[in-house]
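Visitor: Structure in structure tokens, see below.
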Amino acid sequence: MLRLSFMRAITLFIALILGTASQAQSRWAVIVGNSVYDDPGIVTLPNTVNDARAMAGALSSMGFSIYLLEDATRADVAATFAEIAANEQGAELGLFFYAGHGVQHEGINYLLPADIRPTSRSFLQEQAFALPTLIDQLAQLQADKLVIVLDACRNSPFGEGQASGVGLALTEAPPNTIISYATSPGAVALDGAGANSPFTAALASTLEGPRQDFRDVLRLVRAKVRRATNGEQTPWYIDNATEEIWLDPNPAIVLDAETQAAVTGNINLASVTWNTIRSSADQTDFQLFVELFPEDQLAPVASRQLQLLEESGVEPLGAIEIATDDTAQIVPGGLTQLITQCDILATPDNDPYALVEGVPHDLVNTRAAIRACIQALEDDPGNARITGLLARALSIAGRDEEALFFFQLAADRGYATAYGDLAEAYRIGRGVEIDEARAAEYLRLGALAGMGNLRVALGEFYREGWGVPQSYAEARRWFEVAAQNGQVNAVTALGDIYRRGQGVEADEGRALGFYLSAAANGQSDAMNNVGLAYLRGEGVTRNYPQAIYWLTRATDEGNPYAPLQLGRMFMKGWGVDADGRQALAYFRLSAQRNFVNAYEFIGDMLAGFEGVEEDLPAAYANYMIAYEGGLLRDTSGSRQVAESAAEKMAALEARMSAAQLEAGRATAEAWIAEYGVLDFNLVNR
């Protein structure tokens, strides 16, 4: 492949194309994706070019002039900066995105050009892009505001003598600048197994939203990535901009009244496609519409749009490329021929219909996934699986009405996974009025269709009385059936039934047997429960070393509850020396994994515990987060957390000044605004 694939600046003549005022002359974006390096010792990164193309597509839909460089050298970047200096004077906003290898050395971050060669001890200083220098060069382009986004915090390809530290170092942002990192300072970002890195997938999808400040985009991306990676990766940004940085989608193409009336309220594949591309500045989108729907009433509009884009000199953006098996190895009628790009981009985790590894909910690149699924469904119109995957991508993109239509269509076609999505929509009111009875009925249909996970969910509905008569006996029956289907979490749920004596005589020994069985099959909740059994002496003789062993195993598996129990052991001195700092670290790990109860314990530590520095505003903020989180979840346990946190807030108020109270409330409110919906949504998969 060519080392350099350089697309000249795409000037978006929005006034010509869309009949509205142009944003193009006020915003530019330099987007670099470096995958293949000249030096064979530098490992190739599989997703970085796709990351760059995803960002180019997202930003072009918001009126940016796009300068896209793939496998770029220092000379390529210098030439691009010179072109911007000549053509983009007085820009309102400049954005620089880099996906590729980045390292730190002696506290300075370096981004690697494709032609770098480690030929001397000073090769980084001589050949790489030193971030402080790069920032100065970008500042000289004289945009009013500047955003720098670095998806480059990967493992260093060099030895300790050539680079130092892990990930990237913290670099302060100059005035009117935001610097965004894919992960926190000194940490390594994940490259991802799919088409994009986790960070860029979340960023490209979040940018697809309505008018929003760039800070809100970054906050939401941080929450998505943090959640999807179980806290392994937390994006970071340094904000030294004094004004809001608004991102606006291109104005949608205005249809005449007759055409608009004909398409309003009419959901089909063509209308979904049009709603996907109506603000696009990529001629490929309109070419696709004309090819797929030549007889549709919107085809003439798409043709005209395509013509205007071609005449304006706008070049098509590069499509995301997904590696497939060698065509020589494909068996006619075999599995490889069934797998589409839609599968690779939109398949959910643990889907029994999956043909590929699933993509976590918050890491689906909805921009690419929706387009790929439209193409796949047009190629195979009755495919139930693809219908459901399109619905999933639409749902993640917040297009609830369209998603609901295609989920129902997928279920009708035999994709039983969609029953769970329909149940979720009616359970929480996503695009419809809340109707727990209807949600329960969809779970029943899915359970009867053999969906093991929906059998567990239906058992939970009966246990809690959501839309059905509350019945522990019926819950137990569904858990038993699900366990027979190999649902390990159902085995854990049966252990809970017998431990709590819900509809049966309490039997801690039998409960422990269920937990041990599930733990042996890798279920981390069961490991946590085995640890608790040893901690409490339930069904077995109390044994602190065994408790620590099982709780540590569960923690290592990413379980959110086990760190809280380990924290309690260090807080109380159960089997270990009491250590407030160690307890606080475990509580924070549990909170990082989205267990709302942990915030109450963090508050306890910060409100005054030996060995932990007292911080009353922070303690109050954590109690407030626990309280709000307890209210958002509607189980009896969460309600108890809310009540306990409220009591502790009231007690703490007597010890705090008005200023401390204000600071605590502000901290909690900011946290809840940033993370709350994502972290506390009970049914978010």
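The values are calculated or read from the model by the stated rules, or taken from the named source; none is laboratory data. None of these values were measured; they are calculated from a predicted model. Cβ coordinates were reconstructed from backbone atoms using ideal geometry, including for glycine residues, and neighbour counts include every protein chain displayed. Note: areas computed on protein heavy atoms with side chains; ligands, DNA, RNA excluded. Shrake-Rupley method; radii C 1.70, N 1.55, O 1.52, S 1.80 Å.
Visitor: What FRET efficiency would be calculated for the residue pair VAL504, GLU295, taking the C-beta separation as r and a Förster radius of 60 Å, to the nearest 0.05?
Guide: Between VAL504 and GLU295 the formula returns 0.45.
Visitor: Starting at the first residue of the range 249-256, write each ³J(HN,Hα) from the Karplus equation 6.51 cos²θ - 1.76 cosθ + 1.60 with θ = phi - 60°, in whole Hz, x for Gly and Pro.
Guide: Each residue's phi maps through the Karplus curve to give x, 3, x, 5, 4, 8, 8, 5 Hz.
Visitor: With a cut-off of at most 16 other beta carbons within 10 Å, and DSSP calling the residue loop, which GluC sites (Glu not before Pro) in the range 560-620 qualify? Please list them.
Guide: Filter output for the range 560-620: GLU610, GLU613, GLU614.
Visitor: Another question about this same structure. Provide the per-residue ³J(HN,Hα) series for the range 368-384, in order, calculated from phi with Karplus coefficients 6.51, -1.76, 1.60 and θ = phi - 60°, each as a whole number of Hz, with x at glycine and proline positions.
Guide: Each residue's phi maps through the Karplus curve to give 6, 5, 4, 5, 5, 6, 4, 4, 5, 6, 5, 5, 9, x, x, 5, 5 Hz.
Visitor: If you don't mind, another one. Run the helix sum for the chain: -39,500 (n - 2.57) per DSSP H stretch of 4+ residues, divided by residue count, reported at 222 nm to the nearest 500 deg cm²/dmol.
Guide: Value at 222 nm, helices only, nearest 500: -16000 deg cm²/dmol.
Visitor: Please give me, ordered by residue number, the GluC sites (Glu not before Pro) of the range 488-583 that lie in loop per DSSP and have at most 13 other Cβ atoms within 10 Å.
Guide: Qualifying residues, ordered by number: GLU505.
Visitor: Compute the accessible area per residue over the range 46-107, keeping the other protein chains in place, probe 1.4 Å, unit Å².
Guide: Here the residues of the range 46-107 average 23 Å² of exposed surface.
Visitor: In sequence order, what are the phi-derived ³J(HN,Hα) couplings for the range 281-294 according to the Karplus relation 6.51 cos²θ - 1.76 cosθ + 1.60 with θ = phi - 60°, rounded to whole Hz, with x for glycine and proline?
Guide: For the range 281-294, the Karplus curve yields 10, 10, 4, 4, 4, 6, 4, 5, 4, 4, 5, 7, 10, x Hz.
Visitor: To make sure I understand the rule: partners must be lysines, Cα under 26 Å from the Cα of LYS224, and not fewer than 8 residues away in the same chain. Which ones qualify?
Guide: LYS145
Visitor: Could I ask something else about it? Rounded to the nearest whole Å², what accessible area per residue is found for the range 387-546 with the 1.4 Å probe?
Guide: Heavy-atom SASA per residue in the range 387-546 reads 40 Å².
Visitor: Report in % the part of the accessible area of the chain that belongs to carbon and sulfur, leaving out ligands and nucleic acids; probe 1.4 Å.
Guide: 49 percent
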